[in-house]
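Please treat every number below as a calculation from the coordinates, not as lab data. Owing to the predicted nature of the structure, the values given are computational and were not obtained by experimental measurement. Using ideal geometry, Cβ is built from the backbone for each residue, glycine included, and neighbour counts are taken over all protein chains shown.
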Amino acid sequence: MIKVEAIIRPAKVEDVKNALDKAGYVSLTITEVKGRGQQKGIKQVWRGREYVVDILPKVKVELVVNDEKADEVTGIIQQSAYTGNFGDGKIFLTPVQKVVRIRTGESGADAL
Amino acid sequence: MPVKAKEEKMNIKKIIQWSVMAGIILMLALPALAGDPNGAETYTNDIAGMKLAINFTWTLIGAFLVFFMQAGFAYLGAGALRVKNTVNYFTKSYMDFSIGALAYWAVGFGLMFGGSKLYPGLEDGNAWIGWSGFFLTGDAYDVQTIMFWMFQVVFAATAATIVAGAVAERLKIQAYLIYSIFVTAVIYSIYGHWIWGGGWLSTLPYGVGARDFAGSGAVHAIGGFVALAGVILLGPRIGKFNKDGTPNAIPGHDVGMIVMGTFFLFFGWFGFNPASTLAATDLRISVIAVTTFLAGAAGATFVCYATYFKTGKVDIALTCNGALAGLVGITAGAAYVAPWAAVVIGIISGMLIMFGLWFNEWKLKIDDPVGAIACHAYNGVWGLLAVGIFADGTYGGVKGLIVGETGQIIAQAIDAVTVAVWAFGTGLILFGILKYTIGIRVSAEEELTGLDIPEHGTSAYPEFVIAGPFDGKR
C-alpha cells in the first residue's frame with residue numbers, strides 16, 4: 001500500500017477532488033496547511049506598505065491506495081492540480097505498513 | 001530640454017493647476033443670495049423656533065441612524081460571503097457611500113429636489129426632472145436645505161449599497177465605483193424626483209397620487225432592480241449552478257456578522273421610517289416606529305417557522321432576511337397603516353422573500369449571493385402596493401382598499417411598474433456600457449483565488465505573516 005500525499009493550491013481542491021472521485025477514489029483526507037517552495041512569497045499591501053507572506057496557504061490531500069493504483073492516482077492529481085506556475089505543489093509517495101479500519105477491525109487491502 | 005526650462009514648464013503647470021482649483025473653491029464659496037447659511041434668520045426665539053429646532057434635531061438624528069445602516073449592509077453582506085472576498089465586499093460597501101455622497105452633492109440632489117420648492121434654492125424643475133441646488137451653492141447654501149440634504153444623501157447611499165451584495169464575489173471594484181456614481185447621481189435621483197421631488201408620480205390623478213413614505217420603491221426597489229440587471233449581465237459565480245441547472249448552496253463565512261448586520265439595519269430603520277416625517281412635532285412618529293418594528297418582527301417570525309416546518313431546523317441567516325423583507329415591505333406604508341396591518345404586511349413580505357429566493361435560483365437561474373433582489377426588489381414593489389391596500393386614511397389622507405377606496409391602489413400600481421421598468425432598464429444600460437468598455441467581471445482565476453488579494457493586495461485576516469517588510473529581493 002502506498003500513501004499519496006499531495007500539496008496543492010487551495011483553489012484547485014475542487015478540481016482534484018472531482019477528478020479523483022470520477023476515477024473511483026472517494027476516500028481522502030484534506031488538511032489546510034501552510035508552506036513554501038519555489039514560489040517563495042507573495043507580495044501583499046498593508047495600508048500602503050508592501051509586505052511579504054512567504055509561508056503560503058496550501059491544501060494537503062492524502063489518500064492510501066494499493067501499490068498498482070499509485071501511479072494512476074498520482075497522474076490524476078498532477079493533471080488536475082496543474083496551472084503551470086510556481087506554487088502548483090508537489091506529490092509525495094510513501095509505503096504504508098499497515099491499515100486498520102476502526103469500525104470492523106479489518107486490516108490490509110480490505111481496509112482501504 | 002535644459003533642466004531650467006523643464007522646471008519653468010513644471011511651475012507654469014502647477015500655477016495653472018492651482019488657479020483652476022482656487023477658481024472652483026471660489027465658485028463654491030460664493031455668498032448666498034437668499035439662503036440662510038448660519039440659521040440666524042431661520043431661528044426665532046419663540047415656540048415656532050423651538051418647534052423648528054426639535055424638528056431639525058429629529059431629522060438629523062434620523063439621518064445619522066440611516067447612515068449607520070451602511071454598517072449593517074457591510075456586516076450582513078460580508079458575513080454572507082466567503083472569507084476570500086471579505087476585503088473586497090467591505091471596500092465596495094465603504095466606497096459606495098463615499099463616492100455616492102459626492103455624486104449626490106454635485107448632481108443627484110439638484111435633479112431630485114429641484115422644482116420641489118421645499119426649501120430655499122430648490123426652485124427650478126418640472127414634473128420630470130429638477131435643475132437647482134447643484135453643489136449646494138447659491139440659495140441652497142441654507143441651513144434648512146442642507147439639513148434636508150443630509151437626510152436625503154444617506155437614503156441615496158442606501159439605494160447604492162443594496163447592489164453590492166447581489167453582484168458580490170465577481171464584480172470588478174472599478175466597475176462598482178463607476179456604478180456608484182451613476183446610481184446616486186442619476187438613476188436614484190431622477191426617479192426620486194418623480195415620487196418625492198414633486199414629480200408626476202406624486203401628482204397622479206388617482207387617490208392622493210402615488211405615495212411612498214420612506215422609500216420601499218424609491219430606495220429599495222431602485223437598488224433591487226438595478227441589482228437584478230447587474231446580476232443578469234454578470235452571470236452566476238463559478239460553481240453556483242450545476243450542469244443540469246440546479247443551484248448549489250455557497251455558505252457564507254460568518255453567521256455572527258449576518259445577525260449583527262441585521263441588528264444594525266433594523267436599528268437604522270428607526271431613522272429611515274420615523275424620521276421621514278422630517279418633524280418630531282408630527283406625533284405620528286410613534287405609530288411609524290411601531291409599524292416598522294412589527295413588520296420586521298412578523299417577517300422574521302414567519303420565515304423562522306417556515307424554515308422550521310420545511311426542514312425541521314431554524315435557519316437564522318434566512319430569518320434575518322425575513323426581518324429585512326418585512327422592513328422593506330412596511331417602508332412605503334409605515335405612516336399610513338395601523339399596527340395590525342403592519343403585521344400582515346410583514347408576514348406577506350416573509351412569504352415573498354422565501355418565494356423570491358426560490359424563484360430567482362430555480363426559475364430565473366440568477367445568482368444573488370445575499371438575496372438582495374428578493375429582499376429589496378420584490379418587497380419594494382409589495383410595499384408600494386400595500387399602501388393602496390392597507391392605508392386607513394388616518395394620515396395624509398391616504399385611503400386604501402380596506403376603507404373602500406380604489407383610487408390609491410391604481411396610483412400605487414403605476415408607481416410599482418414605473419420603478420421596476422426604470423431601475424431595471426437604466427441598470428441594464430449602465431452595466432451594459434460598463435461591460436463592453438472597462439469590463440465588469442474579474443477573471444476566472446481571480447474569482448477562484450478570491451478578490452481580496454488580486455484586487456486589494458491583502459486578505460481580511462492576514463495571519464502567518466512570516467517575513468518582515470518587503471526588501472525588494474523576494
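Take the Cα radius of gyration of segment B:71-198 and divide it by 2.2 N^0.38 Å, with N its residue count; two decimals is plenty. Numbers along the way, then the final one.
Working: Rg = 15.7 Å, N = 128, 2.2 N^0.38 = 13.9 Å.
Normalised Rg, Cα atoms only: 1.13.
By counting other Cβ atoms within 10 Å of each Cβ, how are B:Ser443, A:Ser80 ranked from fewest to most?
Numbers: B:Ser443 11, A:Ser80 20.
Taking fewest neighbouring Cβ atoms as first place, the list is B:Ser443, A:Ser80.
For chain B, the longest stretch holding no GluC sites (Glu not before Pro) located in a DSSP loop with at most 12 other Cβ atoms within 10 Å is which? Show your work: numbers first, answer last.
Values: sites that count: B:Glu41, B:Glu463.
Counting only loop sites that pass the neighbour cut-off, the longest clear stretch is B:42-462.
Go through A:5-18, B:368-381 and give me the packing order, highest mean Cβ count within 10 Å leading.
Working: A:5-18: 18.9, B:368-381: 28.4.
Listed from highest to lowest mean packing, they are B:368-381, A:5-18.
Mind pulling the angle between the C-alpha long axis of helix A:70-80 and the longest principal axis of chain A? Nearest 10 degrees, somewhere in 0 to 90.
Tilt relative to chain A: about 30 degrees.
Mind sorting B:Lys365, B:Lys172, B:Lys92 by how few other Cβ atoms lie within 10 Å of their own Cβ, fewest first? Present the calculation step by step, with values, prior to reporting the outcome.
Values: B:Lys365 14, B:Lys172 21, B:Lys92 27.
Ordered by Cβ neighbours within 10 Å, fewest first: B:Lys365, B:Lys172, B:Lys92.
Which ordering of B:Asp124, B:Asp46 is given by a fewest-first count of other beta-carbon atoms within 10 Å?
Details: B:Asp124 13, B:Asp46 8.
Ranking B:Asp124, B:Asp46 by Cβ neighbours within 10 Å, fewest first, gives B:Asp46, B:Asp124.
Considering only DSSP states other than H, G, I, E and B, which GluC sites (Glu not before Pro) in segment A:55-112 qualify as loop sites with at most 14 other Cβ atoms within 10 Å?
Counting only loop positions with at most 14 other Cβ atoms within 10 Å, the GluC sites (Glu not before Pro) in segment A:55-112 are A:Glu106.
Are there trypsin sites (Lys or Arg not before Pro) in segment B:271-357 that DSSP marks as loop and that have at most 13 other Cβ atoms within 10 Å, and which are they?
Working: sites: B:Arg284, B:Lys310, B:Lys313; in loops: B:Arg284, B:Lys313.
Counting only loop positions with at most 13 other Cβ atoms within 10 Å, the trypsin sites (Lys or Arg not before Pro) in segment B:271-357 are B:Lys313.
How about segment A:41-98: which trypsin sites (Lys or Arg not before Pro) there lie in a loop by DSSP and see at most 15 other Cβ atoms within 10 Å?
Numbers: sites: A:Lys43, A:Arg47, A:Arg49, A:Lys58, A:Lys60, A:Lys69, A:Lys90, A:Lys98; in loops: A:Arg47, A:Lys98.
Filter output for segment A:41-98: A:Arg47, A:Lys98.
For the protein assembly as shown, would you read off the P(r) tail past 44 Å as a percentage of all alpha carbon pairs? Walk me through the numbers on the way to the answer.
Details: 53051 of 171405 pairs.
Of all Cα-Cα distances in the protein assembly as shown, 31 percent exceed 44 Å.
Whole-Hz Karplus ³J(HN,Hα) for segment B:402-413, in order, using 6.51 cos²θ - 1.76 cosθ + 1.60 and θ = phi - 60°, x for Gly and Pro?
Rounded to whole hertz, the list is 5, 10, x, 9, 9, x, 4, 5, 5, 4, 5, 5.
Would you work out which of A:Thr104, A:Ala23, A:Ala6 lies farthest towards the positive end of the dipole of chain A? Charges go on Cβ: Lys and Arg +1, Asp and Glu -1.
After comparing all options, I get A:Ala6.
Rg and Dmax in Å for chain B, alpha carbons only: what are they?
Gyration radius and largest Cα-Cα distance of chain B: 23.7, 86 Å.
Using just the C-alpha positions of segment B:173-278 as equal point scatterers, what log10 of I(q)/I(0) does the Debye formula give at each q in 0.11 1/Å?
Debye output, listed in q order: -0.56.
So what are the radius of gyration and Dmax for the Cα set of chain A, in Å?
Using the Cα atoms of chain A, the pair Rg, Dmax is 16.7, 58 Å.
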